[in-house]
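Right, one structure below, let's go through it.
What follows is calculated from the coordinates using simple rules that are stated; it is not laboratory data. Since this is a predicted model, take the numbers as computed values, not measurements. Note that we place each Cβ from the backbone using ideal geometry, even for glycine, and neighbour counts take in every protein chain shown.
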Amino acid sequence: MQLRKLTAEMSVSLQITASDLSAIQTAGFRSIICNRPDGEGSDLPTFSEIEAADIVIVGAGAAGLATASSLLVRDHTLDIAVIDPADTHYYQPGWTMVGAGLCKQVAIAREMAAVLPRKVHWIKAAVAAFEPDSHVVILEGCRVVRYRRLIVCPGLKLDWHAFTHARPAGDAGTAPTIDAATLRFHERSVFK
């Protein structure tokens, strides 16, 4: 495997194989972008063969990243992949402080790549299905990720419309307000 440096943060290579992953990780790379479609050549590995991992963690929120960090402290040789489609990581406990006006959203938001533990491989994709009997996670687009162990902590997606008394932040009226529904988009209202 030969890596060709394009910028301080990006390099390219000819086709890699699963056996190259350890050397790529040791060289300090945190993500791999594969632009070659499966089936392009019968002698080339599929994307799923390259993405095999000891442990796959679905969700790169506080729980997923803390779990990955904790596992790596216990065994630094683990090959851990975290699956999450988000570009931005929000420190979830920080939303309480944003809602109270103690800090702004920008204080709890970081680029996902910047908060991933150093030896974790980030798979920037959404999960479409789980096949635990086969030790497989199916990603949107039908990509397959194989694992020895799976940890699922994708977080919550709240249905804010189910809260009957919720209204946008800063909305006048006497009914109880649940500002978290629009906090991310109407942060300025909280600081008035």
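Hey, for a label at Ala86 modelled as a point 7 Å past Cα toward Cβ, could you say which residues of segment 106-144 have their backbone N under 15 Å away?
106-117, 123-127
Residues with amide H under 5 Å of Tyr147's amide H, sequence separation 5 or more or different chain, H placed in the peptide plane at 1.01 Å from N; which?
Ala53
Using label points projected 7 Å from each Cα along Cα→Cβ, tell me how many nm separate Ser13 and Met1, to one decimal.
Distance between label points: 0.2 nm.
Taking the Cα of Ser69, stepping 7 Å toward and past its beta carbon, and measuring to each backbone N in segment 77-121: which are under 11 Å?
Taking a point 7 Å out along Cα→Cβ of Ser69, the residues of segment 77-121 whose backbone N falls under 11 Å are 115-118.
Please report the relative contact order for segment 3-157, taking Cα pairs under 8 Å with a sequence separation of at least 6, and give it as a percent rounded to a whole number.
Normalised by residue count, the contact order of segment 3-157 is 27 percent.
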